[in-house]
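The values are calculated or read from the model by the stated rules, or taken from the named source; none is laboratory data. Model, not experiment: these values are computed from the prediction. Note that we place each Cβ from the backbone using ideal geometry, even for glycine, and neighbour counts take in every protein chain shown. We work out accessible area using only protein heavy atoms, side chains counted, and drop any ligands, DNA or RNA first. Shrake-Rupley method; radii C 1.70, N 1.55, O 1.52, S 1.80 Å.
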Amino acid sequence: KTALTIILVEIIAVISNVSTEWMAGGATLATTLATMSGFGYLYLYYKTRSKEIAVEIKSTVNYKYERVRTIIRRILVVSIPIALTAIMSSLNKNIDSFTVVRSLKQFMPEDMALSQYGILGGKVDTLTSLPLSINAISAAKARKDKKTITEKTSFSLLTSMLIGLPCTIGMCIFAGPILNLLFPKASDGTVILQISSLTILFTILDQTINGALQGYGKLKIPTISLGIGVLVKLILNLILVPIPEIGVNGA
């Protein structure tokens with residue numbers, strides 16, 4: 001996906017004379033093609049090795065025949081809460097896209113409102129989500145091995161703290177220099193990054209605890225908690241962002 005995105009965006013930039021709309025379209029197309037390629041690989045792998053996999057399953061100690069209806073029901077019980085959690089995560093990110101600009105336009109020109117939203121979505125969200133990507137290993141580790149899950153959860157939470165705390169403090173104190181280093185020609189957004197950095201530690205811990213809860217089979221709890229978070233986020237955006245003294249910092 002990364003390779004396709006870089007290649008397509010670079011080609012489209014040259015062809016379209018650096019049209020940001022076409023380049024964004026190319027990035028989205030790259031994601032679609034990469035996902036289709038991944039699915040194609042899995043399908044071909046299964047088709048070529050399905051007999052071998054079936055023999056392997058039947059030879060295991062735990063093998064037993066189950067009705068298709070039972071299997072589908074068990075899959076849905078697990079997959080629906082996880083899917084809802086993923087949908088709510090996307091919704092949580094998109095709340096800013098349909099509330100921030102609309103609220104800012106009440107007291108500033110549209111181009112300035114779009115610029116403020118660009119700082120929030122393009123720079124700050126990217127920087128604050130990097131520690132979450134690193135921490136994904138801890139969340140995955142917390143899901144495994146029910147017999148020692150308490151021990152693994154404790155270790156994963158410790159790892160999360162070791163990742164999250166330095167990132168939170170570092171981004172809060174050095175927000176200005178970080179933006180100057182990464183975006184030398186457009187380094188605005190120091191205050192927004194400082195405020196957003198305070199969420200890193202809590203989001204990382206949330207990510208790890210959700211992984212542990214999934215390991216315990218408590219799949220509904222992360223969905224409910226994220227749903228509450230999305231609702232609170234929406235309400236606070238609608239209240240805080242329209243206040244001229246707060247503006248985009250409210251998001």
| said: Being surrounded by 15 or more Cβ atoms within 10 Å (Cβ to Cβ), modelled with pLDDT under 80 and not aromatic (Phe, Trp, Tyr) is true for just one of Ala142, Ala136. Which residue is that? | reply: Ala142
| query | Condition test on Glu56, is it acidic (Asp, Glu), more than 30 Å from Ala113 (Cβ to Cβ) and at pLDDT 85 or above? | reply | no
| field | Meets criteria (under 30 Å from Leu240 (Cα atoms) and surrounded by 15 or more Cβ atoms within 10 Å (Cβ to Cβ)) for Ala113 | value | yes
| query | Could you say which residue among Glu52, Glu66 is more than 30 Å from Asn249 (Cα to Cα) and not in a helix (DSSP H, G or I)? | reply | Glu66
| Would it be correct to say that Gly170 is at pLDDT 85 or above and either of a type in the set (Ser, Thr, Tyr) or over 22 Å from Val248 (Cβ atoms) (or both)? | yes
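So that you can scan it fast, the table gives a plain yes or no per residue for (1) touching a residue at least 12 places away in the same chain (Cβ under 8 Å); (2) open to solvent by 90 Å² or more (accessible area, probe 1.4 Å):
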site: Lys1; (1), (2): yes, yes
site: Ile15; (1), (2): no, yes
site: Ala54; (1), (2): no, no
site: Ile57; (1), (2): no, no
site: Asn62; (1), (2): no, yes
| said: So in the range 95-107, with the set limited to residues that are part of a helix (DSSP H, G or I) and open to solvent by 70 Å² or more (accessible area, probe 1.4 Å), which one is farthest from Val248 (Cα to Cα)? | reply: Phe98
| message | Given the criteria modelled with pLDDT of 75 or more, loosely packed, with under 13 Cβ neighbours inside 10 Å and aliphatic (A, V, I, L, M), does Leu127 qualify? | response | no
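Scan Ile72, Ile57, Ile11 and give me the residue that is hydrophobic (A, V, I, L, M, F, W, C) and under 30 Å from Ile209 (Cβ atoms).
Result of the check over Ile72, Ile57, Ile11: Ile72.
Residue-by-condition table, conditions (1) in contact (Cβ under 8 Å) with a residue 60 or more places away in the chain; (2) surrounded by 19 or more Cβ atoms within 10 Å (Cβ to Cβ):
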site	(1), (2)
Gly164	no, yes
Ile173	no, no
Lys185	no, no
Asn210	yes, yes
Gly215	yes, yes
Val232	no, no
Pro244	yes, no
| note | Taking first residues from the range 78-94 that are closer than 22 Å to Thr199 by Cα and in a helix (DSSP H, G or I) and second residues anywhere that are open to solvent by 60 Å² or more (accessible area, probe 1.4 Å) and charged (D, E, K, R), the pairs with Cβ under 8 Å that are 6 or more apart or on different chains are Lys93/Asp125
| query | Mind checking whether some residue in the range 11-28 is more than 30 Å from Ser225 (Cβ to Cβ), in contact with a Phe, Trp or Tyr (Cβ under 9 Å, 6 or more places away or on another chain) and not β-branched (Val, Ile, Thr)? | reply | yes
